[in-house]
Amino acid sequence: MFFYAALKHYPFIYKLFIRIVRKLSTIYPNKIFKNQAYEFVVLTHMTDLECTLIGLGANKNGIPVITVTLGLDNYRHGPLLYVPDLMLLWGDEQVYEFNNYHLSHNEELKRTEYETIGSLIHDLYLERIDKIPQSSINKKYSIDENESFILVPAMIEEMLPSQKSLCEIIIDFIKLHNLNIK
């Protein structure tokens, strides 16, 4: 998303980048689609470069495209350059982003259908968190009734570096402002 935003300040480079991506989409996916009878293509990392190329190639070859968002970050890496026929979204926040972000970058998306289907991992989290009494969480992490806590989900440091640094910044902020948060 930031890459696209930065490129927008340099119209010539932005137009060149879009032309390069569109040209790649005529070479790479055509090798995949050549002599194959695909009824549809499902893309899960919808704004990642490879999925973008496949999406553009499928559009060019008249193959319907379905996108399934596996993570919110996969949805907001940047504007969609291809046009899905069907987008399966997690919830209202993604519908909002589709209507207020993606459509503003590509009016062809007006023909895209979308459905809100939820998220299995988010639904599983909600199911499990409802089964764990708040008192047991408070006891396990020594949280007083009057304290709040912040849960920071993390990935492997090699995959998403600087998470520890981010947590340290948050902790410093909490200490600086004398907040009653764990």
message: When you scan the stretch 118-125, do you find a residue that is more than 30 Å from Ile18 (Cα to Cα), in contact with a helix residue (DSSP H, G or I) (Cβ under 9 Å, 6 or more places away or on another chain), open to solvent by less than 70 Å² (accessible area, probe 1.4 Å) and not hydroxyl-bearing (Ser, Thr, Tyr), even just one?
response: no
- request: Within the stretch 40-62, count every residue that is part of a loop (DSSP other than H, G, I, E, B) and either touching a residue at least 12 places away in the same chain (Cβ under 8 Å) or β-branched (Val, Ile, Thr) (or both).
  value: 7
query: Quick one: which helices (runs of 4 or more DSSP H) sit completely within the stretch 74-182 and have at least 2 residues that are among the charged types (D, E, K, R) and without any contact (Cβ under 8 Å) to a residue 12 or more places away in the chain?
result: 120-131, 134-140, 163-176
message: Looking only at the stretch 145-164, how many residues end up being at pLDDT below 80 and open to solvent by 90 Å² or more (accessible area, probe 1.4 Å)?
response: 8
query: Does Ser135 qualify as being on the phi < 0 side of the Ramachandran plot, open to solvent by less than 100 Å² (accessible area, probe 1.4 Å), under 15 Å from the mean Cα position of the chain (by Cα) and at pLDDT below 80?
result: no
Options Ser104, Ser119, Ser142, Ser136; residue that is of a type in the set (Gly, Ala, Ser) and within 16 Å of His45 (Cα to Cα): Ser119
task: For Ile181, indicate whether it is over 30 Å from Ile18 (Cβ atoms), touching a strand residue (DSSP E or B) at 6+ places or on another chain (Cβ under 8 Å) and not hydroxyl-bearing (Ser, Thr, Tyr).
output: yes
field: Of all residues in the stretch 96-131 being acidic (Asp, Glu) and within 14 Å of Leu86 (Cβ to Cβ), the one that is modelled with the lowest pLDDT
entry: Glu115
- prompt: Looking at the stretch 168-177, is at least one residue open to solvent by less than 100 Å² (accessible area, probe 1.4 Å) and among the charged types (D, E, K, R)?
  reply: yes
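The values are calculated or read from the model by the stated rules, or taken from the named source; none is laboratory data. On a predicted model such as this, the values are computed, not experimentally measured, just so you know. FYI the Cβ positions are ideal-geometry reconstructions off the backbone, even for glycines, and counts take in every protein chain you see. Please note that ligands, DNA and RNA were not included when accessible areas were found on the heavy atoms of the full protein model with its side chains. Shrake-Rupley method; radii C 1.70, N 1.55, O 1.52, S 1.80 Å.
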